[in-house]
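J.: This is the structure, below, for whatever I ask next.
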Amino acid sequence: MKLRLKVYRHDPETGKSWYDTFEVDCEEGTTLLTALQRIKEDIDPTLTFRHFCRAGICGTCAVYVNGFPKLACKEQVFPYALIGKEVVVEPLDKFPVIKDLAVDHGVIVSELRRLRFWISEREGEVRIPPSVSAKIEKASDCILCSACQSYCPQVLEEGYAGPMIFAKIYRFLEDPREDGKEMRFSEAIEGKLYHCLSCNKCNNVCPKEVEPASLIRELMTYIRPDGEEND
């Protein structure tokens, strides 16, 4: 069966952007990543996109599919072909496009380094209760695919940290091994935690069901706007 793909293209040398339409063979089980690879191998070797693990755990292949963030390696395209629907594939929004579907994640990497997103361990052995472990595990499932950051309308506000960053802050605040909780409180407030629109868009697009909006609301319940922890 034939699948029709309308793919965003961008040439960094000329600065021009356009869409190319391709038709590729697909069958049950074909993913969008496989379809893109068939285009690159058999039709247009200049098509550029990112991928790595092919298992939905690295987040590298995130793109927009008909206006919605998806992991290309997990998105099944056979249903689109069955109903004859054209699939529009575009790069993640709100990130600089390097070429075609590949975007620059440098701003996220820089932010993760700036905020020191690693455990500042307390001295001695720390035991983690199962209930706390479950909370940490949910927030830790984030694969840094940037789908939530891309789909969040509030990240357009200067200084707003975004759902992915707040989910990471939540993870450190809940972890009893973290010794820098006051620092994490400050990071949440400085990142304009209370400017979240509570639109739940980030929850809807997270491929790992981290539910950043839900974690943000939990952060709000024990961090006051003045930066102090609620009793």
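The values are calculated or read from the model by the stated rules, or taken from the named source; none is laboratory data. What you see is a predicted model; the values in this text were computed from it and never measured. Cβ sites come from the backbone with ideal geometry, for glycine too, and all protein chains shown count toward neighbours.
J.: Suppose we filter the range 12-57 for residues that are more than 25 Å from the chain's Cα centre (by Cα), in a helix (DSSP H, G or I) and polar (S, T, N, Q); how many remain?
T.: 0
J.: Looking at the range 58-81 only, could you name the residues that are assigned to a strand (DSSP E or B) and within 18 Å of residue 21 (Cα to Cα)?
T.: Matches in the range 58-81: 63, 64, 65.
J.: Across the range 168-200, what is the total count of residues that are closer than 20 Å to residue 108 by Cα, assigned to a loop (DSSP other than H, G, I, E, B) and in contact (Cβ under 8 Å) with a residue 40 or more places away in the chain?
T.: Final tally of qualifying residues: 1.
J.: Being more than 18 Å from the chain's Cα centre (by Cα), surrounded by 12 or more Cβ atoms within 10 Å (Cβ to Cβ), β-branched (Val, Ile, Thr) and not in a loop (DSSP other than H, G, I, E, B) is the requirement here; does residue 126 meet it?
T.: In short, no.
J.: Kindly evaluate residue 84 against the criterion of being among the small types (Gly, Ala, Ser), within 19 Å of residue 103 (Cα to Cα) and in a loop (DSSP other than H, G, I, E, B).
T.: For residue 84, the condition - among the small types (Gly, Ala, Ser), within 19 Å of residue 103 (Cα to Cα) and in a loop (DSSP other than H, G, I, E, B) - is not met.
J.: So which of 208, 135 is part of a helix (DSSP H, G or I) and either of a type outside the set (Asp, Glu) or under 22 Å from residue 57 (Cβ atoms) (or both)? Even if it seems obvious, please write down each step before you answer.
T.: Numbers: 208 fails: part of a helix (DSSP H, G or I).
When all the criteria are applied, what remains is 135.
J.: Looking only at the range 99-120, decide whether some residue is closer than 23 Å to residue 4 by Cβ, part of a helix (DSSP H, G or I) and modelled with pLDDT of 95 or more. Please lay out each step first, then the result.
T.: Within the range 99-120, the subset closer than 23 Å to residue 4 by Cβ is 99-102.
This time we only want the ones that are part of a helix (DSSP H, G or I), so: none.
Looking through the range 99-120, none of the residues is closer than 23 Å to residue 4 by Cβ, part of a helix (DSSP H, G or I) and modelled with pLDDT of 95 or more.
J.: Inspect the range 158-167 for any residue being closer than 14 Å to residue 202 by Cβ and either without any contact (Cβ under 8 Å) to a residue 40 or more places away in the chain or exposed (fewer than 14 other Cβ atoms within 10 Å of the Cβ) (or both) and give the result as yes or no.
T.: Checked against the condition, which is being closer than 14 Å to residue 202 by Cβ and either without any contact (Cβ under 8 Å) to a residue 40 or more places away in the chain or exposed (fewer than 14 other Cβ atoms within 10 Å of the Cβ) (or both), the range 158-167 yields at least one hit.
J.: Would you mind finding the one in 181, 135 that is of a type in the set (Lys, Arg) and buried (at least 18 other Cβ atoms within 10 Å of the Cβ)?
T.: So the residue among 181, 135 that is of a type in the set (Lys, Arg) and buried (at least 18 other Cβ atoms within 10 Å of the Cβ) is 135.
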